[in-house]
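A short reminder: the numbers here are calculations on the coordinates, not readings from a lab. Just so it is clear, the structure is predicted and the values come from calculations on it, not from any experiment. Heads up, the Cβs are rebuilt from the backbone with ideal geometry, glycines too, and the neighbour counts pull from every protein chain shown.
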Amino acid sequence: MLTKRIIACLDVDAGRVVKGTQFLDLRDAGDPAALAAAHSKAGADEVVLLDITATHEKRNTLLETVRRTARELFVPFTVGGGVRTLDDASAIFDAGADKISINSAAIADAALITCIAERFGSQAVIVAIDAKRNGADSKAGSEAGFQAFVSGGRVATGRDAIAWAKEAEDRGAGEILLTSMDRDGTGVGFDCDLTRVIAQAVRIPVIASGGAGGAEHFVQVFREGAADAALAASIFHFGLSSISELKKHLQVAGIPVRLPC
Amino acid sequence: MIAIVDFRAGNLTSVKKAFDHLGAETVVTSDPTEAAKADKIVLPGVGHFGATKALDDSGLRDVILESIERGIPFLGICVGMQWMLASSEEAPEISGLALWPGECSRFPAAVKSPHVGWNSLQIRNGSRLLQGVPSGSFVYFTHSYRVPLLTATSAECEYGGGFSAAVEQENMFGVQFHPEKSGTVGLAILKNFCNL
């Protein structure tokens, strides 16, 4: 049976992980390579490395970080942040990534999705969508729809998130990484309404992100949100010691997960 | 020396890295002469079945067939395994190696496609490639087309019906999943291949 994936996300700035670093048994908890290996060992189904600065001068640092992280990582490895061109993507794949995640650059030029997918395959292209509920009513069940944002959520695009997800699929995206900006960092749970409408609108897998505050939120997003995967940036903030513990909770709740890891 | 055949379809870094980790000597090549000298051949492949046309154009197809006839162990991964069949709905004009009869088909509309993620293997007895891997083990898949169940099927997977997750006959091996991305289970499978 196809299992629901738990994806560990590392936010990296200038080669260092900047949050979610509470691995007590690591000598250097800010080292992406060490953290990625630890997450994989603890049962992460995939690892995402998000370069949160992605400035030009730090690009080479990023590639070196990707290379070191990929070397001993034998689960799927995605790199996102600052990918603007096919050349950017190629360099990241050469460094050992299996997938790249693109957001702003895809909104600016949707042909980039097709361009990377044709060269490396759709399975290697994740389109990240940062979505926010329209209007002041940000309560669950709002019918006002969702808008896509770029530049780390600072810039509204005027694009309907559902229509954009469908277009991304049509243009060759292999997966959608969907972040609820309303929920991100709140710990009140994933936006299951948002996740479900997108998951039902496309035939490619949807990875839910933003708002997790406890293991029960993962159960909800898989059950009510119809998510195929969920991203956890700082699992240790949830009072859980590891992804393995989260997966045991999911299994007890009847969600299919990969165990033993 | 294991030749990892590069036919410009996707990224071979991960496959090479996994063999490096196991201490195997590998060469990534698109040169038929070099591939012909290898003790073992691996054909990774991601993306479109139509990309295998490059194997015909470059002469690699003939080298692979001759090597298989000489008893050289051959492992096709993902599209590399699909190419071991006669054909695929994805690119009906392209002929596969036809080591086994049959056609790769798209997943039914009832399930999401591509099939992405970790799914379990139902292993049939006697597989050399999957030796020591418990039935029910999880491996990582990402594909939109699937190989039907064959007499050569060594592991079955369930997604919108049963399909071949692995095939094996004599020195011919294929895996639909990505052993290089399937954690310790995947590395054990690659190690079995190295030890053949």
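The lysine pair count for the range B:2-194, using Cα distances under 17 Å and pairs eight or more places apart or on different chains, is 8.
Ellipsoid semi-axes for the protein assembly as shown, based on the Cα gyration tensor and the rule √(5λ), read 36, 22, 22 Å when sorted largest first.
For the range B:84-196, the Kirkwood hydrodynamic radius comes to 14.3 Å, computed from all pairs of different C-alpha atoms.
Look at the stretch B:114-123: the mean tally of other chain Cβ atoms within 10 Å of its residues' Cβ atoms is 6.
Listed from fewest to most Cβ neighbours within 10 Å, the set A:Lys41, B:Lys191, B:Lys40 follows the order A:Lys41, B:Lys191, B:Lys40.
GNM remark for chain B: springs join alpha carbons under 10 Å apart, and the peak mean-square fluctuation among B:Leu150, B:Leu130, B:Leu121 falls on B:Leu150. The mean number of partner chain beta-carbon atoms within 10 angstrom of a residue's beta-carbon across peptide A:117-124 is 6. Along its principal axes, the range B:2-194 has C-alpha extents of 44, 38, 28 angstrom, given from the largest down.
Averaged across the residues of B:106-113, what count of C-beta atoms belonging to other chains lies within 10 Å of each residue's C-beta? Per-residue shielding by partner chains comes out at 2. Applying Stokes-Einstein at 25 °C and 0.890 mPa s to the Kirkwood radius of the range A:5-252, computed over alpha-carbon pairs, gives a translational diffusion coefficient of 137 µm² s⁻¹.
Put in line by how crowded their Cβ is, counting other Cβ atoms within 10 Å and starting with the fewest, A:Glu245, A:Glu64, A:Glu46 read A:Glu64, A:Glu245, A:Glu46. Would you mind checking the pairs A:Lys132/A:Lys247; A:Lys99/A:Lys247; A:Lys4/A:Lys41 and listing those with alpha carbons more than 19 angstrom apart? From the list (A:Lys132/A:Lys247; A:Lys99/A:Lys247; A:Lys4/A:Lys41), the Cα-Cα distance tops 19 Å for A:Lys132/A:Lys247; A:Lys99/A:Lys247. Counted by neighbouring Cβ atoms within 10 Å, the residues A:His39, B:His48 run from fewest to most as B:His48, A:His39.
In chain A, the DSSP-assigned H stretches of four residues or longer account for a calculated mean residue ellipticity at 222 nm of -9500 deg cm²/dmol, using -39500 (n - 2.57) per stretch and the full residue count as denominator. Where both partners of a DSSP beta bridge lie in the protein assembly as shown, what percent of those bridges are antiparallel, to the nearest 5? If I count the DSSP bridges inside the protein assembly as shown, around 35 percent turn out antiparallel. For the range A:60-154, the fraction of C-alpha pairs farther apart than 21 angstrom is 42 percent. Extents of the range B:97-159, largest first, come to 34, 28, 16 Å (Cα atoms, principal axes, whole angstrom). Only helices enter this figure: runs of n ≥ 4 DSSP H residues, each worth -39500 (n - 2.57), summed and divided by the residues of chain B, yield -6000 deg cm²/dmol at 222 nm to the nearest 500. Here each label is just a point 7 Å from Cα along the line to Cβ, and for A:Ser90 and B:Asn195 those points are 4.0 nm apart.
Distance between the modelled labels on A:Arg16 and A:Glu118, one decimal in nanometres: 4.2 nm (7 Å Cα→Cβ projection). Placing +1 on the Cβ of every Lys and Arg and -1 on the Cβ of every Asp and Glu, with no other charges, gives the range B:2-194 a dipole of roughly 540 debye about its Cα centre.
A dipole drawn for chain A from +1 and -1 charges on Cβ atoms has a positive end, and of A:Val197, A:Ala163, A:Phe222 the residue lying farthest that way is A:Phe222.
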